[in-house]
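Below is one structure, written out as structure tokens; the observations come after it.
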Amino acid sequence: MGLWLLAALPVPVAAQPAPPPSPSDLAAQPLDRAPASATPASTAPTMLKPAPTDTTQPRVRSVIVFGNDPCPKATSSDEIVVCARQPDEDRYRIPPGLRTANSGVQVSPFVQDRSLMLGSGAGGAGGGIGQCSSIGPGGYTGCMQQEINNWANPN
């Protein structure tokens, strides 16, 4: 009975955030003063790069053109376009650095031979899914595959 009365009593709400200022409050403030809730621009974090201080340097654009394609023209007077010409046969080729497969990548022995990880029924992990055994979850599911392998490789 005593707990029921405590739950029925009004409880003051603690630490409610102040409501944001209304547009009429902001309009009443002078323009040279920032709202009280605003943070100073010098302390506010930003991800923007600072504006370049030296705007006298021209913008440089590097372009690769193939065959007899024309080099694009500059879009403004403070832009420099540098063109590198490649043969037309290389237009749709994979760049030389990406042509070699497995360049420096080591392959795990488990990727090369899955039976090392899953087991072959003769030791190792064995008896799991995909194996022809009476143990393990779904151990019988590999019996047909084992029969096919035995038929294909009679050794």
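Structural remarks
- Inter-residue pairs, beta-carbon under 8 Å, first under 15 Å from E79 (Cα atoms) and in region 42-59, second modelled with pLDDT of 80 or more and loosely packed, with under 10 Cβ neighbours inside 10 Å, 6+ apart: R59/S76
- Pair list, Cβ < 8 Å and 6+ apart or interchain, from region 62-82 residues that are surrounded by 12 or more Cβ atoms within 10 Å (Cβ to Cβ) to residues that are in a loop (DSSP other than H, G, I, E, B) and among the basic types (K, R): F66/R91; V81/K73
- Qualifying residue in region 57-75 (condition: at pLDDT 90 or above and in a helix (DSSP H, G or I)): no
The values are calculated or read from the model by the stated rules, or taken from the named source; none is laboratory data. The model shown is predicted, which means the values in this text are computed figures rather than measured ones. Don't worry about glycine lacking a Cβ; one is built from the backbone with ideal geometry, like all the others, and counts go over all protein chains shown.
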